[in-house]
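The values are calculated or read from the model by the stated rules, or taken from the named source; none is laboratory data. All values derive from a computational prediction rather than experimental measurement. Please note: Cβ atoms are built from the backbone with ideal geometry, for glycine as well, and neighbour counts cover all protein chains shown. Side chains included, ligands, DNA and RNA excluded: accessible areas come from the protein's heavy atoms. Shrake-Rupley method; radii C 1.70, N 1.55, O 1.52, S 1.80 Å.
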Amino acid sequence: LWNYLRDKFQTDLTPVGFNAWIKTAKPLAFRANELVIEVPSVLHKEYWENNLATKVVEGAYEFAEIELTPIFVLPGESDNLAADQSLTSRPLTKAETPTFLRETHLNSKYTFDTFVTGKGNQMAHAAALVVSEEPGVLYNPLFLYGGVGLGKTHLMQAIGHQLLESKPDTNVKYVTSEAFANDFINSIQTKNQEKFRQEYRNVDLLLVDDIQFFADKEGTQEEFFHTFNDLYNDKKQIVLTSDRLPNEIPKLQERLVSRFKWGLSVDITPPDLETRIAILRNKADAEHLEIPEDTLSYIAGQIDSNVRELEGALVRVQAYATMQNAEITTGLAADALKGLKLNGKSSQLSIAKIQSVVAKYYSLTIADLKGRKRVKEIVLPRQIAMYLAREMTDSSLPKIGQEFGGKDHTTVMHAHERISQGMAIDQNLKEAILDLKNTLTG
Ligand code: ADP
Ligand code: MG
C-alpha cells in the first residue's frame, strides 16, 4: 500500500514537494483501518493533514477499496504502538475488509449532513431524502441526472448511508455502471453467474452510478433489465444517476428507458452563487480553515462550473497559503487561483477550437471526437485532442471530459498519459502534435 501511495504522490507532486513531504515520511503501522505515518515536524504534520491526507484516503480506496484513516505522529509519539503492527504492502484480503465496506462501497464523506442544498439541487435532495426514509415505496426508480461534479454521486450515496443508519440490517449496494458491467462479464468468464445474481438481486437498495456508460453494452443491459425487474417486483429501491435523461442516452434499450421513467427523474443544475458560498463555508468549517467571508465569496465568484472544481479551488488556496505560510485572504486567493481563471489562456483557445482543428487534420468530424467509437482511426485523434485540451487550455479534467461528450475525467487523464508517452517514442506522433500546436497558436 505504501509503495502504491508513494507512486501516486510522485506523479501528483513536484519533485521538490515529493522530497519535502513524502520522502521524509515513514509508515509505522497498519492496524484495522488506520495507517500510522511518522513525519519529522509539526509543520510536516500540518501539511499532511491539510493537503495530503485525503490523497492517502483516496489512494487506499483505489488500491484495495479500504476506507483508511491516516494518523500522523511525530518521532517519539509512536512509542506506544505495539511492535507487531508492521506495515504490509499487500492489499487487504476479503476477510480483512470490513463487511459494510465490501458490500456497500460507500464513501463515508457522502452523507446528507455534508450536502448543502440550494436551488439547483433541492428537488433532488428532497427526493433522495424521501427514498432513504421509505425505500421502494414512492419513487422507484429514482433517477438523478445532471452535469459532472454537481453532486449526483454524493446524493445517491447519502441515501445509502441514511438507510443503513436507520436500518442497519439493510443490504445496500453501490456500483458504477462500469463495475456492474465488469462484474457481469467476469461472472460469465468464471461461470459464476449464479453468484452474480445473488449478489445483485439480494439487495434492498441498489445504487447504480453513471448509467450512461451502459450505452453500447448490449449484454450488460440485458442482465440489468432482469436485475431491475427482480428488484422492482420485490419492491426494492433502485437509484440511478446519469449525465442526461434516459431517452437521451444513446443505444439504451427502449425497455430500459421506459422502466427508468416509471419512477421519478430529477435533475441537478449548477449551484448559484449563494449555494456555492455555502458549500465553501461548509467545507472550510469541516477542515477547520480560517477563511474570511469575503474571500469565500471571491472564490465562489471565480468558479461557477461545478462543485468539484469549487472544492479544488479551495484546496488550491489552502495549499498556497501553507506554502507561503500566510493567512488566507482574498488577495492570496486571487494569486492562488490565477492559473485557473478563465480569462487566462483558455479564453484565447477553446476546446471547441481544438476539436475542430484536430478533426480537420485527421479528416474526421467533431462528432467522431466526441463520440465513443473505438476504432483506431478515431481513438488516436480523440486522445490527441484531449491531450491538447489539457496542455493548451486551463480546463480541468472533468471539464474536458464534459466537452468530449461527457466522458469521465479518468478517460482524459488516460488519453493525456498515452499521448505524452507516445510522443517520447513515436516521431510521427510528435510531429503531428507539433503541427497541430502550430496551427492552433498560429
Ligand atoms: P457527480 O457525481 O454529479 O459528478 P459528485 O457527487 O462526485 O458529482 O460531487 C463532486 C464533489 O462535489 C464531491 O466531493 C461532492 O461531495 C461535492 N458536492 C457536490 N454537491 C455538493 C453539495 N450540494 N454540497 C456539498 N458538497 C457537494
Ligand atoms: Mg458521479
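Percent of accessible area on the range 294-436 owned by carbon and sulfur, 1.4 Å probe? Can you show the working numbers first?
On the way: 3760 of 7350 Å².
Roughly 51 percent, rounded to a whole number.
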Original post:
Binned at 5 Å from 0, what are the whole-percent values of the Cα-Cα distance distribution for the range 193-241, short to long?
Top reply: 5, 20, 31, 28, 15, 2
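Take each of the peptides 428-441, 64-77, average the number of other beta-carbon atoms within 10 Å over its residues, and list them starting from the highest. Please list the in-between numbers first.
Numbers: 428-441: 13.9, 64-77: 16.0.
Result, highest mean first: 64-77, 428-441.
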**OP:** Express in whole angstrom the spacing between the alpha-carbon centres of the range 31-48 and the range 223-274.
**Re:** 42
Original post:
Counting pairs of alpha carbon atoms under 8 Å apart in space and at least six apart in sequence, what relative contact order in percent does the chain give?
Top reply: 12
Subject >> All-pairs Cα distance distribution in the range 16-65, expressed in whole percent, bin size 10 Å >> reply: 23, 57, 19, 0
Subject >> Coarse-grained scattering of the chain at q = 0.12 Å⁻¹, given as base-10 log I(q)/I(0) from a Debye sum over alpha-carbon atoms >> reply: -1.24
Original post:
Once you sort the root eigenvalues of the Cα gyration tensor of the range 244-317 as a ≥ b ≥ c, which label holds: rounded (a/c under 1.5), prolate (a/b larger than b/c) or oblate (the other case)?
Top reply: prolate
Subject >> Three-way shape label, the range 213-367, alpha-carbon gyration tensor, a/c 1.5 >> reply: oblate
Original post:
For residue 197, what charge total do you get from the other residues with a beta carbon under 11 Å from its beta carbon, if Lys and Arg give +1 and Asp and Glu give -1?
Top reply: -3
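Rounded, prolate or oblate, given the Cα gyration tensor of the range 229-276, with a/c below 1.5 counting as rounded? Could the numbers behind the result be given before it?
Working: a/c = 3.75, a/b = 1.68, b/c = 2.23.
The shape class here is oblate.
With every protein chain present, what is the per residue accessible area of the chain (1.4 Å probe, Å²)? Kindly include the intermediate steps, with their values, before the conclusion.
On the way: 22170 Å² over 442 residues.
Ligands and nucleic acids excluded, the result is 50 Å² per residue.
Could you grab the relative contact order for the range 312-442? Cα pairs under 8 Å, six or more apart, rounded to a whole percent.
Working: 121 pairs, mean separation 27.6, N = 131.
Answer for the range 312-442 is 21 percent.
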